[in-house]
Amino acid sequence: MRWITRPLLPLIVCSAVVLAVRHSSRSDSHLAPEADDASQFQGMGGLFDHTDAGTREGVGLWGASSLWQIFHLADGNSSSSNGTAPVDTAANATRKEAERPPSEYEMENILVIAKKAAILGGNTLTKAQRDHANVEYHQKTNPQDLVSEVDRLVQRKIRGLIKRNFPKHAFLGEEEDFSAAEGSRGALDRRLHERLLWVVDPVDGTVNFLHGFPYSVVSIAVIHKEEPIVGVIYDPSRMELFWAVKGKGTYINNRKQLTVSAKSNFTESLLACGLGTTPHQREPTLRAMIGVAGEAQSVRCMGSASLSLAWVAAGRLDGYWELDMDVWDSAAGSLMVTEAQGTVTDTKGKPYALRSRNVAATTGGVIHDRLLHLLQETVATEPAFDVT
């Protein structure tokens, strides 16, 4: 068999290369936005900024694997060099794949699609906002916790764009139909083993949107090994696209890099907080607001955690805190604050993690320390579950 296959090796190798190139071309084609939506992505430069970027996830591995198999089989071998079966089990292979970091090219594609998805969602929100009086909505858990038909529409559009480009990536959106037993925490835990997980809040600030109050955004984070690696927040009312890449900084629109404010005096700081939608969140938060307002320059409460965190990263706010947050409200914004040289912890000072529910994000230093002290002093570091 060897004397037959060895003369044919050049032909076999060339064929494999041609197949790999064709596969790559097909992968590139599906990243182009639909014609009707193409104009909305113009002018939003990126850290990698390739307008014709394609999803080549797995192409390099596929090609290398095929060539390896060709040479390996040409030598008459179907096992490892010592004639034994491969050491890695299927479980080990799955674990290694989940831990494999994205390449720079893969990160480039992820960022491009995250931006496109956020802008697509924001444009959908803007169109609906022109006729907000006719938008249907209903309660989720109480009269303050609402979901509208627009939330679901935006999530469907974003999910569709992501899945067309990254069919193997996992997805978690706020408007998923969670079972009562699982809840958002269980839904997150069930997906964290995936190599890349997209976490989406299609409309952060639904109550604002329904009232025509221009403080609603689309928030998207991409998670690897339980850490946000890409965050995008789009504010359609101001046409501001905030984005961050782990280790590369936080930016707005066409690559203007952001840093948190330079304020170091708590008495000159402007802070914001999230009231939440339940008495468990609101009672301690209102108590903390009194304590914070007594020392800071002022406190705001505007109804969108994602946008407030983006504004901390941009230096417009000096800090933000909220109790019992879901991951889709904190993941993208926490990355932005961190990459803008700010500080993000839980309300007791532990480093932020995806499972953190009580979050404080500030410029850092004295302002962060004082905020945590006031939350502790007003007994407002966690929800008051004894409140009815």
Does segment 356-364 contain at least one residue that is in a loop (DSSP other than H, G, I, E, B), of a type in the set (S, T, N, Q), more than 15 Å from residue 270 (Cα to Cα) and assigned by TED's automatic domain parsing to the domain that holds residue 282?
yes
I need the full set of residues from segment 214-238 which are of a type outside the set (Val, Ile, Thr), closer than 17 Å to residue 314 by Cβ and under 10 Å from the mean Cα position of the chain (by Cα), in order please.
219, 231
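Which one of these is at pLDDT below 90, outside the structural domain of residue 307 (by TED's automatic domain parsing) and closer than 21 Å to residue 232 by Cα: 188, 210?
188
Every residue, every condition in (1) within 21 Å of residue 233 (Cβ to Cβ); (2) surrounded by fewer than 21 Cβ atoms within 10 Å (Cβ to Cβ); (3) of a type in the set (S, T, N, Q); (4) touching a residue at least 40 places away in the same chain (Cβ under 8 Å), yes or no:
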site: 339; (1), (2), (3), (4): yes, no, no, yes
site: 342; (1), (2), (3), (4): yes, no, no, yes
site: 353; (1), (2), (3), (4): yes, yes, no, yes
site: 363; (1), (2), (3), (4): yes, no, yes, yes
site: 375; (1), (2), (3), (4): no, no, no, yes
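Give the residues of segment 250-267 that are surrounded by fewer than 18 Cβ atoms within 10 Å (Cβ to Cβ), in contact (Cβ under 8 Å) with a residue 40 or more places away in the chain and of a type outside the set (Lys, Arg), sorted by residue number. Spell out the reasoning first.
Taking segment 250-267 first, the residues surrounded by fewer than 18 Cβ atoms within 10 Å (Cβ to Cβ) are 253-257, 259, 262, 264-265, 267.
Okay, now just the ones that are also in contact (Cβ under 8 Å) with a residue 40 or more places away in the chain, so 253-255, 259, 262, 264-265.
Hits for segment 250-267 are 253, 254, 259, 262, 264, 265.
Is there a residue being part of a loop (DSSP other than H, G, I, E, B) and closer than 20 Å to residue 279 by Cα anywhere in segment 341-350? If you could, list the steps in order and put the result at the bottom.
First, the residues of segment 341-350 that are part of a loop (DSSP other than H, G, I, E, B): 341-342, 347-350.
Then keep just the ones that are closer than 20 Å to residue 279 by Cα; that gives 347.
Within segment 341-350 (the criterion being part of a loop (DSSP other than H, G, I, E, B) and closer than 20 Å to residue 279 by Cα), the answer is yes, since at least one residue qualifies.
If you go through segment 244-296, how many residues are of a type outside the set (Lys, Arg) and part of a helix (DSSP H, G or I)? Give the derivation first.
Looking only at segment 244-296, we keep the residues that are of a type outside the set (Lys, Arg), and these are 244-245, 247, 249-254, 257-262, 264-281, 283-286, 288-296.
From what is left, the residues that are part of a helix (DSSP H, G or I) are 266-268, 279-281, 283-286, 288-293.
Looking only at that region, the number is 16.
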Please work out which residue is modelled with the lowest pLDDT, limiting yourself to segment 242-277 and to residues that are farther than 10 Å from residue 336 by Cα and of a type in the set (A, V, I, L, M).
275
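For segment 118-142: of the residues being assigned to a helix (DSSP H, G or I) and among the polar types (S, T, N, Q), which is modelled with the highest pLDDT?
Step one: list which residues in segment 118-142 are assigned to a helix (DSSP H, G or I), which gives 118-129, 132-134.
Those left that are additionally among the polar types (S, T, N, Q): 123-124, 126, 129, 134.
Values: 123: 95, 124: 92, 126: 91, 129: 78, 134: 66.
Here the answer is 123.
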Search result, residues across segment 312-324 that are in contact with a helix residue (DSSP H, G or I) (Cβ under 6 Å, 6 or more places away or on another chain), outside any helix (DSSP H, G or I) and either surrounded by fewer than 23 Cβ atoms within 10 Å (Cβ to Cβ) or among the small types (Gly, Ala, Ser) (or both)
319, 324
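Those residues that are surrounded by 14 or more Cβ atoms within 10 Å (Cβ to Cβ) and in contact (Cβ under 8 Å) with a residue 60 or more places away in the chain, I need them from segment 101-111; list them, please. Spell out the reasoning first.
First, pick out the residues of segment 101-111 that are surrounded by 14 or more Cβ atoms within 10 Å (Cβ to Cβ): 102, 105-111.
Passing the criteria: 102, 107, 108, 109, 110, 111.
The values are calculated or read from the model by the stated rules, or taken from the named source; none is laboratory data. Here the structure is a predicted model, which is why all the values come from computation and not from measurement. Note that each Cβ is placed from the backbone with ideal geometry, even for glycine, and that neighbours are counted across all protein chains shown.
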